[in-house]
Structure formats: C-alpha cells, structure tokens
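*Asks:* One structure follows; several queries about it will come next.
The values are calculated or read from the model by the stated rules, or taken from the named source; none is laboratory data. Predicted model, so just to flag it, every value in this text is computed and none were measured. Positions of Cβ are generated from backbone atoms using ideal geometry, with glycine treated the same way; all protein chains shown enter the neighbour counts. Ligands, DNA and RNA are stripped out before the accessible areas are found, and what is left, the full protein with its side chains, is counted by its heavy atoms. Shrake-Rupley method; radii C 1.70, N 1.55, O 1.52, S 1.80 Å.
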Amino acid sequence: MPEGPVAGAASGRDPARSGRAVRPGASLWRSSTAGALLAIALLVATTVGAAVWLSILDQQRQAQEQLTRHAHAAALQIRARLIETEQLLLLEGSGYTMSTERFRRDMDELLAANLALLRVELRGRDGALLAGADAQPPRPALPATTRQTLSPEASAAFDTASRLNRLTYSRPYFITVGPTGFDLMEMIVPTGAIDGPMLVAVYAPQRILDHFLPGDLRGDHLYSLVESDGTMAARQAAIGQTGSERFAISPLARTGTTLQVRADALQARPRLIPNVLTGLVAATTVGLGLAMFFLVRDVRQRAQVERALREQVQFRHSVEDSIHHGLIVFDLDDRVAHVNDALVRILGFSREELIGLVRPLPFAPPVAVRDRRAYTERLASLPEAEAAIERSRGFHTTLRAKDGSQVEALVVEAPLYGAQGQRLGTITLAADITEQRRVEELARRQQEVLQSRSRLATLGEMASTLSHELNQPLAAITSYAAACENLVRAQPPRPEQVAQALLGIRTQAERAGQVIRSVQAFLRRRAIDRNEVDLAVLVRGLEPLLNIQAMRTGARILIDVPAELRVFADRIMLEQVLLNLTRNGFDAMADTPSVERVLELRARSRTDDERGQRVEVAVIDHGRGVPPEVVPQLFNAFFTTKADGMGLGLSLCRSVIEQHGGHLRYRPRPEGGSTFAFDLPFHDEALRARPVPTTASGADR
Ligand code: ADP
C-alpha cells in the first residue's frame, strides 16, 4: 500500500473529525512548551551568570597574583641594588681610615653610580664627621648643619651598627629642606676594625623608588615604599590614575628597617568582555538566545502549518462526505485503500469489511465483472483522446448490496496521482442510478403511451383523406375487375388485355395494402428498436402518407433526400417525427397563397468537427412562422395554438431525436415560414459495434 495521500486519506480522518477536541490539547501543549522554554531561559541565565561571576573571580585572582608577583619582583630588584652598594662599602670601607683622599674619590664614583644616594660620610665611632661626599646636582644637597649631628633615627641605627659591628639601616625620617622636605634613610656600615670609623650612606627613599624600580614593572601598578605601620616614605608619581583597593606588599628585608615595597593595583578600566571565557559565554548566550528565538518561531510556524493542514483535511472530508456518490480508492496493488461514507451507505458493507480487499469484490456480481472487463477492453482498443472521453463516461452495471438487493450504478474509474505526479492507484466513483433508472423507465413507458396516443390523433385527422386514398385504388380495382369480366366474356377473348387489367388490379391492391401497412406500422406501440435506416428509403415508404397530408391542405411536397444517408434509428419513431413535422408545416400554410403552399423535406450529410459525420434533416414550410413570444414554449408538452391541437407533437419529436443522439431545433425562415431541423449521427458500418447511449439526454448533445 502506498504511503502518502492514499494511506493518509484512509487513516487521517479521525484526528481531523475530532478537530474541535484537539484544541484543549493544543493549548496544553502550548503552555507546556512555554513552561519548558521559560525553564531553559532560567537555566541559561543562571549558567551564564555563574560563568561570568566565576570568570570575574578568576580574573581578580589572576590580577592579585600578578600584583603580588610584581611587588616581589620590585622588592627583589631594589634589594639587589641596595646589597650591591652594601657590599661595595663593606669591601672598600676598611681602607678609608688611612686616607680620606681615597674615600672622596671612591665615594664620588659611588655617588655617580648610585643615583638614590645623596651623600656618603665617614664618621668616627663617636659619630663625629670625618669626611663627607655629596652627590652632584640636580640631586639635592643636604644642608651641612643637618649633618653635624645625626638624626635620632640615624643615631639609633649608628649605635646598633657600632655595637653589633654590623651593617644597619635607619628608619626613614623626614627633613625639611627649603620650603618642602623629603624622607631620608641612612645605611650605617662599620668598617673592618671594631673601633674603626663608620660609613654612613644617606639614601632618599624617593630616589630609591625612582631609580631602582625596574622599568618593565612601572606603569602596571602604583608602587610605593612604606613602613610596616603604614607610614609612607616614597611613592610613584601617578598621573591621572588612582589605586584600587587591591595591593600587595613585599619587604625589603634589610636590617634595621621595616621598609617594604607596596604595589597598588591601578583602577581597572571597565572591560566589556573581560576575557576569552566570558566572551565565549556571552557569544553562547547570544547564540542560545537566537536559537531560542528561531525555535519559538519555528514552533509557531509548525503550529500554523499543522492547523492549516488540519483544516484542509477537515475540508476535504466534508467535501467527500457531501458527495452522494460512492468513492473507492485502490492502491497500486489494486487493494481497497479507502471508501467514503456514501459507498458504505449505498452498498451496506462497513468500511472495515472493505479496506484491504482485492478483486473480485463482494459487491461486484459476475455481470459487473463482465461489464468492467468490456469497458476496459473498449478503452484499450480506442486511441488515447477518444479513450479519455470514453473513460469519463464510465459504464453502467449492476452491483449487489450486502442485503442482496441490486444497485444500478454508473461507474467511472480514473488513475490517482500524487502531488509529484507519481501514480498512487485508482479512484473509482460509483453513482447509484437505481432510482434514476426507475424514473427513466417510467418516463419511457409514458412516452410510448403518449406517442401512441399522438399517432391515433394524427390518424384521426387523416381519417377522411385516408378513406379517400383507399377508395381510389378500390374504385380502380372495381373498374379493372369489371373490365376483366367483359374481356373474358368477349369473343374472341383478349387474354393480353385481361392480363394488363389484372396487373392494374394488382398494382392498385398493392398500393392500398401499402397505405394500410403504413397505418398499421404507424399505430403499433412498441419498444424502441434500432436498425440501420436509409433515409431515402424511409421517406419513399412514407410518401403515400405525406401525399395524403398534402392533399388535405391542397399543398405540394418537395422531397430532396439523397441516397446513402444512413442513420441507426427506430424506423417507426423516425417516421412519426417526420410526419409530425410535415403535418405542422402543412397546417402552418393554411393561409398561404396556393402557389406558394410548398413544403420542403430535405436531408444532407455534414461533418462536425467535434461530433464527426452527421445527417441533417430539415422540414421547411412557407407558412405564417412562429411569433417570437411563442418560440420559447414551442417544445413544451401540451403547448398548442390550435383549437384541436394536443400540443404533444414537437415535445415528442424532440425527445425521440435526443434518444437517437441528435437535437431538434427551430429556425425562422427570413423569407417567411419556419424550418424545423434535426441532426443524427451518420451510421457507419465500421462503428456498428459501438453502443449508443441509452439515456434520453445523450452525451452527443
Ligand atoms: P400541436 O400541433 O398539437 O399544436 P405541436 O407540439 O406539434 O402540437 O405544436 C405546438 C405548436 O407549435 C403549434 O400549436 C403551433 O402553434 C406551433 N407550430 C408547430 N409547428 C409550426 C410551424 N411549422 N409553423 C408555425 N407554428 C408551428
């Protein structure tokens, strides 16, 4: 069984039928989707928040680590420079007792090399200044007065150094020089001997910071030199930058001083995307947001499409259900894939009983199987274009309902194609025409009765002329018979003349017999009986009756019917049509001047593009014509303008002609008078096998 529409049509009905019941489910589904989306949104927001927070913490940790590292590095560098000078002074110091000259020379060198030093002194153990060397400008010179006696901080360090005979730094202390002042820190270095002089190197902590701090560390943080109690001895000049709350400290670790390097983190510039991770998280968030947007849109669109589809299926089902004809869909394996409600109703079989069945089907008796075979064989024998027309006409057959009753049906089969043009199976339409058939049969019988009555009426009208027509041959026979008597008795007898008279008798008797036969044939009420009819032969046989009609009205009849115009018709019915039309024509010429009182009966063959070769017959009179207001009613039964008319003639003629696959029309003659013309299919020997439509409203119309 093919997938797709066939299968869908069979199984897709229930959800569609309960379309209304689907709605609450749909809203539940919609609200649960909204809930799920909200949960996803919350989850995403939480994840993103946590990721950003962790990322910020991590960033802060990294920054703190870097701060500490840099503070250490700065302390290490500064310490290395201090130690360099310490070692130099420790090494050189021992020689200075001898020569202050050398002291001066060495110290000038040292001061030139160590930019953080302001002055170096040589002092006796008692603190007395023995010699001093000052750094060159622009380094500030310390006023000599301040160097006479040591500051309390320096003197404390001096004492310690002297007592322990060990290098010691003083605590930083502030001196006022000019309008401002600055911090100093002294390094006391005992020279070799226990009681030898002491070297005092005077540092400016600000210069330590300015000159000993490596260049690669500057700029990242704000460095300062502070004491353990927080007193600041020096700080980096910060331009437009302020320290943050984060800092790291690393001690200089020199004896006698608690000075330490402090690195303050600069106020961080706010960064939109602090690092790759946050960037990724942000990108993921945006991506997720977009994905969710598209997801929601997609879900909406799907819901819309589904709704449209459901409505379409529902629509199709209502269309299908409103069809009164049975529908059966066969799949490619010729199995019943779907049947509609009408079929179930017509045949009485349930859907379940039929779906999946293969031929022969329970409702198709042998006659139906035969009819279908004949139909398919006929289709196969025809050229494609004709076969298409023939296929759409279908075939009549008798089906059997489940209760055994017969169902007259018109069956039409058509191939079923999918949206892509692929063959899916066959769709069969079965129209129940039982009732139609019954009505048709009734109408046919009534028509037969009417036709017979009409014939009687026509005959009644013709009765006087008929007796006249019979009297003539009878009178002739009588006189021929008298002549025979005389001729037989004559001496000598005249056998040749007797024979001639006898021939006259026979001819006249035959003429009378023909008149009587045609009346009999005309009157007989019988079922339609078609045969090949040559129109010329038919009209010739009708001539005596036509002549009677003509004589009655004193008119002439002009017959122009060529030979070989064949139709497939009921001879008697066709005769009746012609007699009715001619009678009307003669009637219409009652007031026409006798010279013009001519009725024409003409026939010819004509080829119609659509309907092939046709035989056209026209009855033309020169009478009074039909008033325009009468024209629409002409063919109505019981419409008459005659005092003694029945108004059945034209209506019967039209139905007879239509029964024979033709059409009867009225045309006014421009010169006056009327033309009643009908056409019939030309009867071709080769097409004799083709059935003629049996319904009154033949498809040839
Ligand atoms: P009836 O002859 O009994 O009246 P018909 O059905 O034959 O019934 O004709 C219906 C009417 O059509 C006539 O009464 C007449 O008025 C009109 N009719 C028919 N044939 C002709 C004709 N050839 N010329 C003029 N009128 C006609």
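*Asks:* Quick one: if the Förster radius is 22 Å, what FRET efficiency do Glu543 and Arg604 give, using the C-beta to C-beta distance and rounding to 0.05?
*Replies:* Working: r = 19 Å, r/R0 = 0.88.
Plugging the Cβ-Cβ distance into 1/(1 + (r/R0)^6) gives 0.70.
*Asks:* So, one more: Sorted by average packing, counted as other Cβ atoms within 10 angstrom per residue and highest first, what order do 530-542, 291-303 take? Before the final figure, lay out the partial values.
*Replies:* On the way: 530-542: 16.5, 291-303: 11.8.
Put in order of decreasing packing, that is 530-542, 291-303.
*Asks:* So, in Å, what gap is there between the alpha-carbon centers of the stretch 639-679 and the stretch 110-178?
*Replies:* 151
*Asks:* Here is a further query. Once every DSSP H run of n ≥ 4 in the chain is given -39500 (n - 2.57) and the sum is divided by its residues, what mean residue ellipticity at 222 nm do you get, rounded to the nearest 500 deg cm²/dmol? Working shown, then result.
*Replies:* Values: 16 runs with 338 residues, N = 701.
Result for the chain: -16500 deg cm²/dmol, rounded to the nearest 500.
*Asks:* Another question about this same structure. Please work out the ratio of the alpha-carbon Rg of the stretch 166-207 to 2.2 N^0.38 Å and round it to two decimals. Show your work: numbers first, answer last.
*Replies:* On the way: Rg = 12.8 Å, N = 42, 2.2 N^0.38 = 9.1 Å.
Working it through for the stretch 166-207, the quotient is 1.41.
*Asks:* At 25 °C and a viscosity of 0.890 mPa s, what translational diffusion coefficient does Stokes-Einstein give for the stretch 182-234, taking Rh as the Kirkwood radius over Cα pairs? Give it in µm²/s as a whole number.
*Replies:* Numbers: Rh = 13.2 Å.
The Stokes-Einstein estimate is 186 µm²/s.
*Asks:* Still on this structure, please answer the following. Round to the nearest 10 and give me the degree value, 0 to 90, for the angle of helix 366-381's Cα axis relative to the longest principal axis of the chain.
*Replies:* 80
*Asks:* Cβ under 11 Å from Arg235's Cβ, Arg235 left aside: what net charge do those residues give with Lys, Arg +1 and Asp, Glu -1? Provide the component values of the computation, followed by the final result.
*Replies:* Working: positive: Arg262; negative: Asp183, Asp210, Asp264.
Here the charged neighbours net out to -2.
*Asks:* Let me ask you something else. Hey, what's the Cα Rg ratio for the chain versus the globular rule of thumb, 2.2 N^0.38 Å?
*Replies:* 2.51
*Asks:* How much FRET efficiency would the formula 1/(1 + (r/R0)^6) give for Met232 and Asp298, where r is the Cβ-Cβ distance and R0 is 51 Å, rounded to 0.05? Don't skip to the end; give the middle numbers.
*Replies:* Values: r = 65 Å, r/R0 = 1.27.
That gives a FRET efficiency of 0.20.
*Asks:* Something else now. Once neighbouring chains are kept in place and the probe is 1.4 Å, which whole percent of the accessible area of the stretch 544-690 is contributed by carbon and sulfur? Don't skip to the end; give the middle numbers.
*Replies:* Numbers: 3420 of 6710 Å².
Of all accessible area on the stretch 544-690, carbon and sulfur atoms account for 51 percent.
*Asks:* Could you check how much of the accessible area of the stretch 141-215 is carbon and sulfur, as a whole percent, using a 1.4 Å probe? Present the calculation step by step, with values, prior to reporting the outcome.
*Replies:* Working: 1770 of 3110 Å².
Looking at the stretch 141-215 in its full context, I get 57 percent from C and S.
*Asks:* Oh, and also: Can you give the angle from 0 to 90° between the axis of helix 535-553 and the longest principal axis of the chain, with both taken from C-alpha atoms, to the nearest 10?
*Replies:* In the chain, helix 535-553 runs at an angle near 60 degrees to the longest axis.
*Asks:* Heavy-atom accessible area per residue, the chain, 1.4 Å probe: how many Å²? Show your work: numbers first, answer last.
*Replies:* Details: 38150 Å² over 701 residues.
Spelled out: the 1.4 Å probe surface of the chain, per residue, equals 54 Å².
*Asks:* Here's another thing I want to ask about it. Shape verdict for the stretch 592-673, please, from the Cα gyration tensor: rounded (a/c under 1.5), prolate (a/b greater than b/c) or oblate. Write out the running numbers ahead of the final one.
*Replies:* Working: a/c = 2.12, a/b = 1.26, b/c = 1.68.
Oblate, because a/c is 1.5 or more while a/b does not exceed b/c.
*Asks:* Pairs of alpha-carbon atoms within less than 8 angstrom and 6+ residues apart define the contacts here; what relative contact order does the stretch 107-177 have, in percent? Kindly include the intermediate steps, with their values, before the conclusion.
*Replies:* On the way: 72 pairs, mean separation 15.7, N = 71.
It comes to 22 percent, rounded to a whole number.
*Asks:* Just subtract the alpha-carbon distance of Gln420 and Arg669 from 0.36 nm times their residue separation and send over the number in nm, one decimal.
*Replies:* Working it through step by step, the gained length comes to 84.0 nm.
*Asks:* If you split all Cα-Cα distances of the stretch 536-640 into 10 Å bins from zero, what percentages do you get per bin, shortest first?
*Replies:* Going out from 0 Å in 10 Å bins, the stretch 536-640 shows 13, 41, 34, 11, 0 percent.
*Asks:* Roughly speaking, what is the centre-to-centre gap between the stretch 191-212 and the stretch 621-638 when only Cα atoms are used, to the nearest Å?
*Replies:* Value for the Cα centre distance between the two parts: 148 Å.
*Asks:* Using the beta-carbon distance between Ala253 and Asp58 and R0 = 25 Å, what value does 1/(1 + (r/R0)^6) give for FRET efficiency, to the nearest 0.05?
*Replies:* Values: r = 31 Å, r/R0 = 1.25.
Given R0 = 25 Å and the Cβ-Cβ separation, E is 0.20.
*Asks:* How high is the relative contact order of the chain, in percent, counting Cα pairs under 8 Å that sit 6 or more residues apart?
*Replies:* On the way: 1052 pairs, mean separation 54.3, N = 701.
Computed over the chain, the figure is 8 percent.
*Asks:* What is the packing order of peptides 203-211, 168-176, taking the mean over residues of other C-beta atoms within 10 Å and listing the highest first?
*Replies:* Working: 203-211: 21.6, 168-176: 19.1.
Order by mean packing, descending: 203-211, 168-176.
*Asks:* Classify the stretch 74-205 as rounded, prolate or oblate from the Cα gyration tensor: take a ≥ b ≥ c as the square roots of its eigenvalues, call it rounded if a/c is under 1.5, otherwise prolate when a/b beats b/c and oblate if not.
*Replies:* Values: a/c = 1.28, a/b = 1.22, b/c = 1.05.
It is rounded, given that a/c, with a ≥ b ≥ c, falls under 1.5.
*Asks:* Helix 495-523 versus the longest principal axis of the chain: what angle, 0 to 90°, nearest 10, using Cα atoms?
*Replies:* 40
*Asks:* Okay, next question. What does the C-alpha gyration tensor say about the overall shape of the stretch 313-353? Classify as rounded when a/c is under 1.5, otherwise prolate if a/b is larger than b/c, or oblate.
*Replies:* Cα axes put the stretch 313-353 in the oblate bin.
*Asks:* Now a separate question. How long are the semi-axes of the equivalent ellipsoid of the stretch 388-440, defined as square roots of 5 times the Cα gyration tensor eigenvalues? Whole Å, largest first.
*Replies:* On the way: eigenvalues 151, 38, 10 Å².
That gives 27, 14, 7 Å for the three semi-axes.
*Asks:* For the stretch 328-407, what is the convex hull volume of its Cα atoms per residue in Å³?
*Replies:* 99
*Asks:* With a sphere of radius 15 Å drawn around the Cβ of Arg438, what net charge do the other residues whose Cβ falls strictly inside it have (Lys, Arg +1; Asp, Glu -1)? Let's see the in-between values first.
*Replies:* Details: positive: Arg437, Arg444, Arg445; negative: Glu408, Asp432, Glu435, Glu440, Glu441.
For residues surrounding Arg438, the net value is -2.
*Asks:* Still on this structure, I have one more. Which whole-Hz ³J(HN,Hα) couplings does the stretch 616-621 yield from phi under the Karplus relation 6.51 cos²θ - 1.76 cosθ + 1.60, θ = phi - 60°, glycine and proline marked x?
*Replies:* Whole-Hz 3J(HN,Hα) from phi for the stretch 616-621: 10, 10, 10, 10, 10, 10.
*Asks:* At 0.36 nm per residue, and after removing the present C-alpha to C-alpha distance, how many nm does the segment from Thr33 to Thr180 gain when stretched out fully?
*Replies:* 45.4 nm is the gain from fully extending Thr33 to Thr180.
*Asks:* Same structure again: Report, by chain and number, residues whose modeled amide H sits under 5 Å from the one on Arg246, excluding near sequence neighbours (fewer than 5 apart, same chain).
*Replies:* HN-HN under 5 Å from Arg246: Ala265.
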